Amino acid sequence: MRLKDASAYNVQFDSGRPILIDSLSFEVGAPTEPWPGYRQFCEHFVAPLALIAYRDARSGLMLRDFIDGIPLDLATRLLPGRTRLNFGLASHLHVHAGAQRRAASAAPATDADRKPSRRISETGQRALLDSLRRTVEGLRWNPSGHWAEYATTTSYTEAATASKATLVREMLDAVGGRSVWDLGANTGVYSTIATEAGYRVIAWDYDAGSVEAHWRRVRGADGPDILPLIGDLANPSPPIGWALEERASFLDRANADALLALALVHHLAIGNNVPLPAVAGLFARIAPYAIVEFVPKDDPMTRRLLAARRDIFDGYTIDGFRDAFGGPFEIVREVPITDSPRTLFLLRRR
């Protein structure tokens, strides 16, 4: 048996484990018929992974626009020339793209010119699949940078770190839900605390390096119940596809009992110029409960954000935070973090 298509959307993730969900894609194929999903696999898997490995992890965002896979002619223009020296990438991307160009420019064949359907031996089919497997396994991307190491370079003292972890756990226990979205999760320190409290976690972060490091830590059958995903709150995934109904938006998929927004609000309010009432409104759309950390202007991390810009954020104070979040939420608990200027809030949607 074989798969008659190779859409990346047929693979979903459960706690970091990839699962093929489209059992209807299995069919009995003729022994000498070429695999019909070959082109789709190259566009949905090989091309995006190659661009991420050889160019930039942000290349994956192209799949927002190309939901049927990244066109091979575009992928090969973007890839560096040295990928032609890689036998797998040369075969499955560069030569493949050239064959597509020739086929697209050829005159329509008449009945007299039409050639018999192409055939490939069983040995050839196995060789093709083996080549695809080795090509994908040979693609490597090593995350690095400030955000992937943020958890070890924060301004917390040991006492503050312990206090924050204890307070987050207490607040999660008070909510008593089953699922949580960890927004700005970084490498997942507090996602892990949520799983220890019995939650199923989707951990969002806009930095691909942090998400990759987090996923490598939790993947596998024995990992915690965490799914790390790339997501930018300042520009969340929109609905895409036919009539904008084929793939749901970030907000349409929100189904959490609670959200964590730890060391995040100052990045949205100061780093992205989002007013605090707008941040509060977004959080209220995502979940009925929110555990939010307020980081004041005198915190080293906020001072770093303000170092290269004018401070036009007069409303960014703890009173301004209370006013903004007190509209859509009721403040259930407000607690300062020990040995830190920061404050944790437990909020319940009105």
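The values are calculated or read from the model by the stated rules, or taken from the named source; none is laboratory data. None of these values were measured; they are calculated from a predicted model. Note that each Cβ is placed from the backbone with ideal geometry, even for glycine, and that neighbours are counted across all protein chains shown. In case anyone asks, the SASA skips ligands and DNA or RNA and just uses the protein heavy atoms, side chains included. Shrake-Rupley method; radii C 1.70, N 1.55, O 1.52, S 1.80 Å.
Could you list, in sequence order, the residues of segment 286-325 that are loosely packed, with under 15 Cβ neighbours inside 10 Å and in a loop (DSSP other than H, G, I, E, B)?
Matches in segment 286-325: Asp298, Ala307, Ala308, Arg309, Arg310, Asp311, Ile312, Asp314, Gly315, Thr317.
Take Phe283 and tell me if it is assigned to a helix (DSSP H, G or I), within 26 Å of Ala324 (Cα to Cα), open to solvent by less than 30 Å² (accessible area, probe 1.4 Å) and of a type outside the set (A, V, I, L, M).
Details: assigned to a helix (DSSP H, G or I): yes; within 26 Å of Ala324 (Cα to Cα): yes; open to solvent by less than 30 Å² (accessible area, probe 1.4 Å): yes; of a type outside the set (A, V, I, L, M): yes.
Criteria met by Phe283.
For Ala148, state whether it is of a type outside the set (Asp, Glu), loosely packed, with under 10 Cβ neighbours inside 10 Å and at pLDDT below 95.
Here the answer is no, as Ala148 does not meet what is asked.
Does segment 41-51 include one or more residues that are farther than 23 Å from Gly98 by Cβ and open to solvent by 20 Å² or more (accessible area, probe 1.4 Å)? Lay out the reasoning, then the answer.
Keep residues of segment 41-51 that are farther than 23 Å from Gly98 by Cβ, which gives none.
Checked segment 41-51: no residue is farther than 23 Å from Gly98 by Cβ and open to solvent by 20 Å² or more (accessible area, probe 1.4 Å).
Across segment 66-81, which residue is least open to solvent (accessible area, probe 1.4 Å) among those that are touching a residue at least 24 places away in the same chain (Cβ under 8 Å) and over 14 Å from Cys42 (Cβ atoms)?
Selected residue: Pro80.
Identify all residues within segment 203-223 that are modelled with pLDDT under 95 and aliphatic (A, V, I, L, M); write none if there are none.
To start, the set of residues in segment 203-223 that are modelled with pLDDT under 95 comprises 206-223.
Across segment 203-223, the qualifying residues are Ala208, Val211, Ala213, Val218, Ala221.
Taking Pro31 as the residue in question, decide whether it is open to solvent by 50 Å² or more (accessible area, probe 1.4 Å) and farther than 26 Å from Ala208 by Cβ.
Working: open to solvent by 50 Å² or more (accessible area, probe 1.4 Å): yes; farther than 26 Å from Ala208 by Cβ: yes.
Considered against the rule, which asks whether it is open to solvent by 50 Å² or more (accessible area, probe 1.4 Å) and farther than 26 Å from Ala208 by Cβ, Pro31 comes out as yes.
Out of all the residues in segment 7-65, which are of a type in the set (S, T, N, Q) and part of a helix (DSSP H, G or I)?
Within segment 7-65, the first condition is being of a type in the set (S, T, N, Q), and the residues that meet it are 7, 10, 12, 15, 23, 25, 32, 40, 59.
Asn10, Ser23, Ser25, Gln40, Ser59, listed by residue number.
Return the only residue of Ile230, Ile193, Ile286, Ile226 being modelled with pLDDT under 95 and within 25 Å of Thr166 (Cα to Cα).
On the way: Ile230 fails: within 25 Å of Thr166 (Cα to Cα); Ile193 fails: modelled with pLDDT under 95; Ile286 fails: modelled with pLDDT under 95.
Exactly one residue qualifies, and that residue is Ile226.
Please go through segment 326-350 and pick out each residue that is acidic (Asp, Glu) and either in a loop (DSSP other than H, G, I, E, B) or touching a residue at least 24 places away in the same chain (Cβ under 8 Å) (or both).
Our first condition is that a residue be acidic (Asp, Glu); within segment 326-350, this holds for 330, 334, 339.
Selection gives Asp339 alone.
Any residue at all in segment 8-20 that's of a type in the set (Ser, Thr, Tyr) and open to solvent by less than 40 Å² (accessible area, probe 1.4 Å)? Break it down stepwise before answering.
First, pick out the residues of segment 8-20 that are of a type in the set (Ser, Thr, Tyr): 9, 15.
When the remaining residues are screened for being open to solvent by less than 40 Å² (accessible area, probe 1.4 Å), the result is 15.
Within segment 8-20, one or more residues are of a type in the set (Ser, Thr, Tyr) and open to solvent by less than 40 Å² (accessible area, probe 1.4 Å).
In the list Ser237, Ser210, which residue meets the criterion of being touching a residue at least 40 places away in the same chain (Cβ under 8 Å), touching a Phe, Trp or Tyr at 6+ places or on another chain (Cβ under 6 Å) and open to solvent by 30 Å² or more (accessible area, probe 1.4 Å)?
Values: Ser210 fails: open to solvent by 30 Å² or more (accessible area, probe 1.4 Å).
On inspection, the qualifying residue turns out to be Ser237.
Applying the selection to segment 243-265, what residues are outside any loop (DSSP other than H, G, I, E, B) and within 19 Å of Gly188 (Cα to Cα)?
Ala258, Leu259, Leu260, Ala261, Val265
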